[in-house]
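Structure first, commentary second.
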Ligand SMILES: [Zn+2]
């Protein structure tokens, strides 16, 4: 067990400025050292050896980096050595994340016969496939800002949760890709609330493109 004392400092404005200056030098040194560290191939040694290799450059660094000479050398050294802790913490995080994803995908793979997923452009937060805009029941696209959490189709009256609508679209696309999809697969009884009066042209038969065509032509007649 390690015990440590903690004191609350009450620095004067001058001391505060000096502390900030040293802290900032440490920050720059850390970032510089990290870039140097990243140049060293993993084959060059253990993590500790590679970080120490960067730490050993400190003497040369001080030749042209004047601010470093204002730091105690142990402070500068430990700022560089901190890279080791950061890398360790990061790889621990990555491992946990990998484990979690593995468990999750394993669960889906054993629980379900088919899993359809959408390839989202996560960086651009884009949704190249229009699965949110498109109505899962009739296919009509409606613009939908992110804060609109429900899907309500002005064309066919289909109403559901925004994400449920997208999920149905993703599933039917997945089925189509496998060649087993034949329609927008929404059970008709969930398409509309039971006791809500709806005009006939809002009711679209789901599950059969032929029925759908017939409905469409019946409406246009
Ligand atoms: Zn619709």
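Here are the numbers for this structure:
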item	result
Scan of the range 87-117 for residues that are assigned to a helix (DSSP H, G or I) and in contact (Cβ under 8 Å) with a residue 12 or more places away in the chain, ordered by number	87, 88
Test for residue 105: is it under 30 Å from residue 18 (Cα atoms) and away from the ligand (no atom under 16 Å from the Cβ)	no
Subset of the range 128-144 [in contact (Cβ under 8 Å) with a residue 24 or more places away in the chain and near the ligand (Cβ under 9 Å from one of its atoms)]	134, 135, 136, 137, 138, 139
Residue 84 at pLDDT below 95, more than 16 Å from the ligand (Cβ to nearest atom), part of a helix (DSSP H, G or I) and under 30 Å from residue 49 (Cβ atoms)	no
Hits in the range 145-158 - residues which are out of contact with any helix residue (DSSP H, G or I) (no Cβ under 8 Å at 6 or more places or on another chain) and within 13 Å of the ligand (Cβ to nearest atom)	152, 153, 154, 155
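The values are calculated or read from the model by the stated rules, or taken from the named source; none is laboratory data. Small disclaimer: the values here were computed from a predicted structure and weren't measured. Neighbour counts are summed over all protein chains in view; Cβ atoms, including those assigned to glycine, are modelled from backbone coordinates with ideal geometry.
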